[in-house]
Structures are given as C-alpha cells and as structure tokens.
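Below: one structure, written as structure tokens.
The values are calculated or read from the model by the stated rules, or taken from the named source; none is laboratory data. The structure displayed is predicted, hence computed values, not measured ones. Areas reflect the complete protein model, heavy atoms only, side chains present, ligands, DNA and RNA absent. Shrake-Rupley method; radii C 1.70, N 1.55, O 1.52, S 1.80 Å.
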Amino acid sequence: MRLFDRLKNRIRNGVNRAMESADLFKKDVFELDGVPAFREYYTLFIFAWQAVYKGYYKAWHCVPLKTLNDPKGKTRTMATMNAGKMACSQMARYVWNERCGITASTAGWNSDEPDPLNEFLQSVLHDNHFGIAFGDLIEKAMALGGGAIREWVEIPKDERGNDIGEGKIRISYSMASQFVPTAWDNSRVKCGIFVNREARDGYYYTVVEWHHWDGSTYRITNDLYRMPIKEAEEPQNILGWWYPLDEVYPLLSPDTIIEGVENAYFQYIKPFGANYADDNSPLGMSIYATAMNTLHGIDIMFDSLQREFVLGKKRIIAPARAMRNAPNPNGGTPQKYFDADDEVWEALATDNPEDLKIYDNSVDLRVNEHITGINGELAILCSQIGFDPGTLAFDQQKGMKTATEVISENSKTFGTVKAHENNIRDALCDMVKAIFDLAVRYGLSWNGVPVEKLLAPGFNVSVKFDDSIIQDKDAEINQGVMLVGSNLMSKKRFMTETLGLTPEQAEAELAQIKAEGTANSVAVTRLFGGME
C-alpha cells in the first residue's frame, strides 16, 4: 500500500476511535435521514414480540424473590411454556410445508419434456435452501409481524476483485427486527433498509443496506457502523458509529445504480390482519399481538406447575430441641440452626408432648388443576390467533391430536391459514420475477441457454400451497368431481385449483384427454363396424 493510503487510513481510524471514546455521532436506525419515526413501534411491539418468541421477556419472566438467606431479595427466572413460539410454529407448518412449491412455466410450453425455465427456477431455490429457510421465515414473521426476502447476484472474484465466473442468484431472509420500510403505497412496500450485524474482533459491525428509488432509477447503497461489543446496547436498532465500508468489506459496493427496473429486489411479507396499533404504518402485527395477556397467564400457570413440585416437596416436622446450637457471632444467646442444604427438616418450638412427635407434613400436588387451567388459557389463545379451540392442547392421555380430529375441527383454522396464504402468494410471485430480472440483467444461463431467451415467449408463475394437513384432500377432490359432473365447475378450474396444475398444464391435459377420447371412439366404431 502506498504511503499516502496508509497515512489516510491511520488518520481515519484515529478519528473513528476519537468519536467512539467521546460518544459523538452515535447512531441508531431511526436517527438516519429518510427513516420513518418507527422507534416507538419497534420498541413497544416488535422487540417485545421477539422477546416472547424467544421465551424470555424481562417484564414477565424476571420475578423478584426473597429468602431467609438473602433478605434483601434477588430475582429468579420464571419458567415458560413458550406458547407463543408453539403457536407460530404450528401456523407456519400449516401455511408452508414440504409439499408446497413454486413453479414457472414458459408460455405455450406443451412438450412432455421438463420446462427449462422451471428447471432454472428450481435450481435457484434449491441452491438457497428455500423450502426450509422460507418456512423458518414464515414462523418468525408470524411472531414479529413481518419479514423480508431479498435477492441479489453473487459473482465469484479473485483477490484483486476481478470477476472469474458466472454469477449465482442468492436469496436472504430477514426478520422484522432486521428490516425497516421507508416508502410504501397501498399495495406493497417499495423502499426499505436491511440491518445486518456481525461480531468480529471485539466489535459489532452493522451494514445498513438501503433499497430506494431515485426517480425511475433503482439504487442500493451500503453504510457501515461499528460499536464495541462490551458497549453494545439492546435493542438492535443501536448501530454505533459510522465506519469506512472498505475497511471491513472491500468487495461490497457502497453504491449500486440499476436502470430499467420495474419492481424492487426485495419483498416484504406479513401475516393477515390489520395493524390496529399504527394506522399509517405498512408493518404487520404478530399473530399473538392481542394475546399477550393470555401468553403471560399461560407462563404463570406453567411456572406454578413447576414450583408446585419445589414448594410441595417432602417436609418432616421435628422438635426444636433436636436442632443444633451455634454461637452467636454478635455475642449473646446461642442460635438454633439447621443445615440450609437439608431440604426435609423443619424446626418446631414447643414443649407439648403431642407436638414433639415427628411426622410427615407433605402436601398434595395440584397437577390436574394446573393442567385444566393451562388448557383453558390455550383454548383462549387458539381463539385469539385464529385457531379452533383444541388445536393447541395439553393432554396427558391423547397427546397430539390425530389427523382426523384436525380435519374435522379446524374450519376456523382453515380460513385463517388461507388468509395468510393469500398475503404470501403475491410476494412469492414478485420474488420469482426479481430472480428472472436479475438473471437477464447479469446474463445468466441454464444448460448453455441464456435465461433471457427462455423468457422471450413469456412466462407464468404458480404458487402451490398444501392444505392436506388441515383439509381432507380426498374429500376435496371428490367434491370437485361432483361439481364438474354437475356442470357447476369447469374442468380447467378443477385442475388448477384442486390438482395444482398451471393453466398451461391444464390446457395440455385437457387436449390429451380429448385426443384419447377421440381415438377411443374411432376404435369402438371400427370394432362394431367390423362385427357387422
């Protein structure tokens, strides 16, 4: 490195250290220019939902505790059933599972061979572990009220930063606490920032990635902030002090300008339901936003159930004269004492012969009462998040509910899941469009054929959700067959909505059925004609 560059970096690093030590220009996300005033919303709601999802919300689970050994008092951590995560996990499993998928089809593709455009899409999704990662994102979005998907092209480079191969499309998944919308309209979020934090060499380095529009130009800018780990503050919106990007991420471009883009290279998803806390915000609400008191009550009961075995442990009543004497460190009368680690003895000061008898003073454990109370709260929780009562249950005998029970009881659950699916479908379609746009822009190919050529005839995107977990698939197919037979539903609609075929696949299947029917009619005519 040239002497001038070394001197410049030394001065720059010295200025940064001076600012950190003087606590100057310390930033959080909501102090950046262009970021809406969402600090209160994130603090009161999103960060609280995140704490509940993780299983430790200080306002609930840090409980004061006073003992004889520590009369000044200390705190203990309340046991948690983590019902919030259980609910989000169950909802995410209903919405997105291994049978769900996204397909793309070239317009007019009628060949029996696999569609190369769809093969390219599936390779991108597979390389990014989309099936599993998106399911995890859905679960966290249900908990925190939203999440975001982001697409970009990763191009391999040598040590000097020169391109050495064809790029690959990458997809990242961010929780609501890592994304802040900055511009939106009635239908979708148009601009936003992603907050990515990394621990390295005793510091937190946070990259703030801006996605915004400058007129018709799409622009992605990156800024870096640094903060010593020992001074790190919560929540995560605290960034620290500005730091040169190229010092830590030399291959990351500080400013990327893209022309001719129609849609952003990210998609914001959120659960179904209106934001009652902030009418002017595009941010979503956790599925348990209205059930916080219920979740707190469940944890209180679950903690009480566990402490029932602690406080209700075996107790033996013994006469005080059986206890030991110990010198008083302050002088005066010796003190009675028993071993604090001995959990089964209690002293009883009395001279009545009847009271000098040693006997068991253990209490009955109230296990069934606690389970009944927890089930009552779980039923309320199910109603609040859109499940039928009994979807989440604590049953000693039955355990998990059978599939038949889920199918027959989850009519409300089915409606809730379909509403969430409708919110997610548009975002997934936009994600596929962004993938194809990036592939064309960076000249990517599939099996030697440019993706741009595969897209030339046009394309369709289909998102297939699997409702067999909450709905009897055979019953749905039988109902569709009856509707088609009664001329109340078209065969094409039955094939697309019930069987999950794309419109092109349905057209091809109907044409094949018609051709086979014609061939069979000709064969029958010839058979009977020959018999004559």
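Over all alpha-carbon pairs of the stretch 33-97, lay out the pair-distance distribution in 10 Å bins, whole %, shortest bin first. With 10 Å bins starting at 0, P(r) equals 18, 29, 27, 18, 6, 1.
A 1.4 Å probe, protein heavy atoms only, puts the accessible area of Ile132 near 130 Å².
Rounded, prolate or oblate, given the Cα gyration tensor of the stretch 51-148, with a/c below 1.5 counting as rounded?
Working: a/c = 5.36, a/b = 4.64, b/c = 1.16.
Since a/c reaches 1.5 and a/b is larger than b/c, the shape of the stretch 51-148 is classed as prolate.
Each residue of the stretch 166-176 was assigned a 3J(HN,Hα) from its phi angle through the Karplus expression (A = 6.51, B = -1.76, C = 1.60, θ = phi - 60°), giving 6, x, 10, 7, 10, 10, 10, 10, 10, 6, 4 Hz with x at Gly and Pro. For the set Asp467, Asp437, solvent exposure ranked by accessible area (probe 1.4 Å, protein chains only) runs largest to smallest as Asp437, Asp467.
Using 31 Å as the Cα-Cα cut-off, could you pick out the over-long pairs in Lys168/Lys190; Lys58/Lys433; Lys270/Lys491; Lys54/Lys418; Lys433/Lys491; Lys270/Lys433? Let's see the in-between values first.
Values: Lys168/Lys190 24 Å; Lys58/Lys433 42 Å; Lys270/Lys491 33 Å; Lys54/Lys418 26 Å; Lys433/Lys491 29 Å; Lys270/Lys433 19 Å.
Beyond 31 Å between Cα atoms: Lys58/Lys433; Lys270/Lys491.
Probing with 1.4 Å while keeping every protein chain in the model, the per residue accessible area of the stretch 165-241 equals 44 Å².
Note on surface exposure: Lys453, Lys85 rank Lys453, Lys85 by accessible area, highest first, 1.4 Å probe.
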